[in-house]
Amino acid sequence: MILRSAGGDCGEYVHVPSVEDDEDVDNDEYERNHGADEVGDGRLGVVRDESFLLPPYNFNMVDRWIYRSGFPTAANFRFLEGLNLRSIVYLCPEPYPDANAEFVRSHGIRVFQFGIEGSKESVVALPKDAIMRALAVLLDVRNHPILIHCKRGKHRTGCLVGCFRKLQNWCLSSVFEEYHRFAATKARPSDLSFISKFDVSCTLRILSIIYRCYGRGSQVGRLLYQDNNSSS
């Protein structure tokens, strides 16, 4: 996990150039029609109507104070401001474009980056250790409100949310239905297999129980987990 500091009280962020698209380009028309250029290509657009709030592609609420989406562009920044985000779980290995880095820095948002490589192959499994560490960050309510995103909000994000649902004791058919809702025709058998076989450790089960009991606004719940690899 990469957690880089912007210094002072400006939050923590990942920094620099554009990222190559490693997934199917099925939301380009969405971005263009709503005032933005391609995701992560360094030509981030702006919302034409200042009163219009545009959520990122594939945006949705996962649970209270937990959200998911595809890669945010500058067109989405005003919408994200309304979420009062404290943290972002970023599942791609590439650095943030400058505009995104400046946004999180100026709003004091911490970015927890887990460098999971994207792949168009339907048989490539995700790294379990990265998902486990991302879940631990997700379960720490001190990080809420929190946004999970990758490129399209389909595969890497879908796997993380699917494993989170297993912690919530969702039945597997409901977990798969949610995955398919966001992945649509791009669903990958390897993702479904990963979610199905994901074994939730005892530690994470305990954290999930505490999250359910104390995480809903309790100050006790805000002091539960600290990742030894992160800094304040």
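The values are calculated or read from the model by the stated rules, or taken from the named source; none is laboratory data. Just so you know, these numbers come straight off a predicted model, no measurement behind them. Neighbour counts run over all protein chains shown; Cβ positions are idealised from the backbone, glycine included. Areas reflect the complete protein model, heavy atoms only, side chains present, ligands, DNA and RNA absent. Shrake-Rupley method; radii C 1.70, N 1.55, O 1.52, S 1.80 Å.
List of remarks:
- In order along segment 77-90, the phi-based Karplus estimate (6.51 cos²θ - 1.76 cosθ + 1.60, θ = phi - 60°) of 3J(HN,Hα) comes to 4, 5, 5, 5, 4, x, 7, 6, 4, 9, 8, 9, 9, 10 Hz; Gly and Pro are listed as x.
- Solvent exposure, largest accessible area first (probe 1.4 Å, DNA, RNA and ligands not counted), of Tyr67, Tyr96: Tyr67, Tyr96
- Ranked by solvent-accessible area (1.4 Å probe, protein heavy atoms only, all chains present), the residues Lys151, Lys128, Lys197 order from largest to smallest as Lys197, Lys128, Lys151.
- Mean separation of Cα contacts under 8 Å, 6 or more apart, over the residue count of segment 60-215: relative contact order %: 29
- Normalised contact order of segment 71-153, rounded percent, pairs of Cα under 8 Å and 6 or more residues apart: 46
- Cα shape, segment 60-215, gyration tensor, a/c 1.5 rule: oblate
- For segment 78-205, with +1 on Lys and Arg beta carbons and -1 on Asp and Glu, the positive-most of Cys92, His155, Cys171 along the dipole: Cys171
- Largest to smallest in accessible area, the residues Trp170, Trp65 fall in the order Trp170, Trp65 (1.4 Å probe, all protein chains included).
- Under 5 Å from the amide H of Arg110 lie the amide H atoms of Glu12, Ser87, Ile88, each residue being 5 or more positions distant or on a separate chain, with H modelled from the backbone and absent for Pro and chain starts.
- With the highest mean first, a sort of the peptides 103-112, 135-144, 154-163 on other beta-carbon atoms found within 10 angstrom per residue produces 154-163, 135-144, 103-112.
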